[in-house]
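Undergrad: This is the structure I want to talk about, given as structure tokens.
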Amino acid sequence: MSVIIASKRDKTVVLATDSRSTDGRGKPLSNNQEKIFEIAPSMFYTASGLLPPILEQAKIAASLARSVDLKNPQDFADQLDRASQPLMEQVVALIKEMRSLRPDKYYEEQLSGGVIHGYVIAGISDGRPGFIYREFRCINGPTRSLEHSVFDLPAGNFSTINTRGKQADHLVHDPATWKGGHIHGVERLVNHMCSVHPECGGPTQMVYIYRTGSRWVHCLPVEASEAITRKDLYANSAIVR
């Protein structure tokens, strides 16, 4: 799965990912997979899991963003969950198919309550930058098991989500990590996670969100981004994550 770092400090948010896609065995397929999508002005989506449902959910999110009120991120995420339910069922079916074709402890863990999908919506609500992270597990079918929302965060507090676990916690809580600023700190976290997880790598993708807008810090050049086709995704029962 991708490394996703979503971080809010004071009045800014930084959202970052790696750019590597892999097959079901963790073998790299691309180091230029687009992972952060701007679904509306200064509103971004990224996710970790199986690539086909992620790309479909990104399209659903962009479509919803054109037709609903974006002032309430919680309501937007609820609508996205409802519209994406068939995709979550598809994720479970794909994992079961992979397990039957290639028995693996990883798939067993996913089908026994493990994380099968997680996404982040980051943006601005009433002048407050923030993000929502939602995580889904397989518990008698796809079930949302976690939500972390940080649009309302008291001054002086900070919150950082790392979808790859706790290997960077020591850096998150080390003041030295943030000495160079918010962007520098998140970049350091992504680099660290890529160094300890072979499934993560490639250029860092990053957006910076503030009270009145956003800007790309690192964006894949259009000519570098490799849009993997569905044929590639399902060839030889490969799973891209």
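The values are calculated or read from the model by the stated rules, or taken from the named source; none is laboratory data. Here the structure is a predicted model, which means the values were calculated and not measured. So basically every Cβ, Gly included, is an ideal-geometry build from the backbone, and we count neighbours across all protein chains shown.
Undergrad: Taking the residues in segment 65-86 that are touching a strand residue (DSSP E or B) at 6+ places or on another chain (Cβ under 8 Å) and surrounded by 15 or more Cβ atoms within 10 Å (Cβ to Cβ) as candidates, determine which candidate is nearest to Val115 (Cα to Cα).
TA: Of all residues in segment 65-86, those touching a strand residue (DSSP E or B) at 6+ places or on another chain (Cβ under 8 Å) come to 65-66, 70-74, 76-77, 80-81, 85.
With the extra rule that they be surrounded by 15 or more Cβ atoms within 10 Å (Cβ to Cβ), the set shrinks to 65, 70, 73, 76-77, 80-81.
Details: Ala65: 26, Leu70: 27, Pro73: 23, Phe76: 22, Ala77: 18, Leu80: 18, Asp81: 16 Å.
Only one residue tops the list, namely Asp81.
Undergrad: Then there's this: Which of the numbered conditions does Ser100 fail, given that it passes all the others? Conditions: (1) assigned to a loop (DSSP other than H, G, I, E, B); (2) surrounded by fewer than 16 Cβ atoms within 10 Å (Cβ to Cβ).
TA: Unmet for Ser100, out of (1) assigned to a loop (DSSP other than H, G, I, E, B); (2) surrounded by fewer than 16 Cβ atoms within 10 Å (Cβ to Cβ): (1).
Undergrad: So Cys200 clears everything in (1) assigned to a strand (DSSP E or B); (2) touching a helix residue (DSSP H, G or I) at 6+ places or on another chain (Cβ under 9 Å); (3) closer than 30 Å to Ser30 by Cβ; (4) not acidic (Asp, Glu) except one condition, right? Which one?
TA: Just one mismatch for Cys200, condition (1).
Undergrad: Which residue out of Gly165, Gly156, Gly113, Gly141 is modelled with pLDDT under 90 and in contact with a Cys (Cβ under 7 Å, 6 or more places away or on another chain)?
TA: Working: Gly165 fails: in contact with a Cys (Cβ under 7 Å, 6 or more places away or on another chain); Gly156 fails: in contact with a Cys (Cβ under 7 Å, 6 or more places away or on another chain); Gly141 fails: in contact with a Cys (Cβ under 7 Å, 6 or more places away or on another chain).
Just a single option satisfies the conditions, and that option is Gly113.
For every residue, the table says whether it meets (1) at pLDDT below 90; (2) under 22 Å from Glu199 (Cα atoms); (3) hydroxyl-bearing (Ser, Thr, Tyr).
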residue: Ala77; (1), (2), (3): no, no, no
residue: Pro86; (1), (2), (3): no, no, no
residue: Lys96; (1), (2), (3): yes, yes, no
residue: Ser100; (1), (2), (3): yes, no, yes
residue: Pro103; (1), (2), (3): yes, yes, no
residue: Tyr106; (1), (2), (3): yes, yes, yes
residue: Pro129; (1), (2), (3): no, no, no
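Undergrad: What residue, among those in segment 67-97 that are out of contact with any Phe, Trp or Tyr (no Cβ under 9 Å at 6 or more places or on another chain) and outside any helix (DSSP H, G or I), is farthest from Glu147 (Cα to Cα)?
TA: Ser67
Undergrad: Also, quick follow-up: Looking at the structure I just gave you, is Glu108 in a helix (DSSP H, G or I) and touching a residue at least 60 places away in the same chain (Cβ under 8 Å)?
TA: Details: in a helix (DSSP H, G or I): yes; touching a residue at least 60 places away in the same chain (Cβ under 8 Å): no.
In short, no.
Undergrad: Same structure, new question: What pairs can you find where one residue is in segment 164-192 and closer than 15 Å to Asp10 by Cβ, the other is in a helix (DSSP H, G or I) and β-branched (Val, Ile, Thr), and their Cβ atoms are less than 6 Å apart, with a gap of 6+ or different chains?
TA: Once the first residue is closer than 15 Å to Asp10 by Cβ and sits in segment 164-192, its partners that are in a helix (DSSP H, G or I) and β-branched (Val, Ile, Thr) give Gly185/Thr177.
Undergrad: Still on this structure, please answer the following. Filter segment 124-153 down to residues that are surrounded by fewer than 20 Cβ atoms within 10 Å (Cβ to Cβ) and among the aliphatic types (A, V, I, L, M) and give me whichever is nearest to Glu187 (Cα to Cα).
TA: Leu153
Undergrad: Considering segment 154-192 alone, what residues qualify as being outside any helix (DSSP H, G or I) and surrounded by 18 or more Cβ atoms within 10 Å (Cβ to Cβ)? Show your work before the answer.
TA: So the first thing to find is which residues in segment 154-192 are outside any helix (DSSP H, G or I), and the list is 154-168, 173-174, 179-181.
Scanning segment 154-192 gives Thr160, Ile161, Asn162, Thr163, Arg164, Ala168.
Undergrad: Just the residues that are of a type in the set (Gly, Ala, Ser) and within 12 Å of Val3 (Cα to Cα), please, taken from segment 180-216. Before the answer, list the steps.
TA: So the first thing to find is which residues in segment 180-216 are of a type in the set (Gly, Ala, Ser), and the list is 180-181, 185, 195, 201-202, 213-214.
Answer for segment 180-216, where residues must be of a type in the set (Gly, Ala, Ser) and within 12 Å of Val3 (Cα to Cα): Ser195, Gly201, Gly202.
Undergrad: What number of residues within segment 203-222 satisfy the criterion of being in a loop (DSSP other than H, G, I, E, B) and of a type outside the set (Lys, Arg)? Can you show your working first?
TA: Start the filter on segment 203-222 by keeping residues that are in a loop (DSSP other than H, G, I, E, B), which leaves 203-204, 211-212, 219-222.
Checking the rest, the ones that are also of a type outside the set (Lys, Arg) come to 203-204, 212, 219-222.
Number of matching residues: 7.
Undergrad: Among the residues of segment 54-66, is any in a loop (DSSP other than H, G, I, E, B) and either farther than 15 Å from Glu199 by Cβ or in contact (Cβ under 8 Å) with a residue 12 or more places away in the chain (or both)? Spell out the reasoning first.
TA: Keep residues of segment 54-66 that are in a loop (DSSP other than H, G, I, E, B), which gives 66.
In the following step, the residues that additionally are either farther than 15 Å from Glu199 by Cβ or in contact (Cβ under 8 Å) with a residue 12 or more places away in the chain (or both) were identified as 66.
Among the residues of segment 54-66, at least one is in a loop (DSSP other than H, G, I, E, B) and either farther than 15 Å from Glu199 by Cβ or in contact (Cβ under 8 Å) with a residue 12 or more places away in the chain (or both), which makes the answer yes.
Undergrad: Which of the following residues is modelled with pLDDT of 90 or more and either more than 13 Å from Gln205 (Cα to Cα) or assigned to a loop (DSSP other than H, G, I, E, B) (or both): Glu38, Glu34?
TA: Values: Glu38 fails: either more than 13 Å from Gln205 (Cα to Cα) or assigned to a loop (DSSP other than H, G, I, E, B) (or both).
Matching residue, one of Glu38, Glu34: Glu34.
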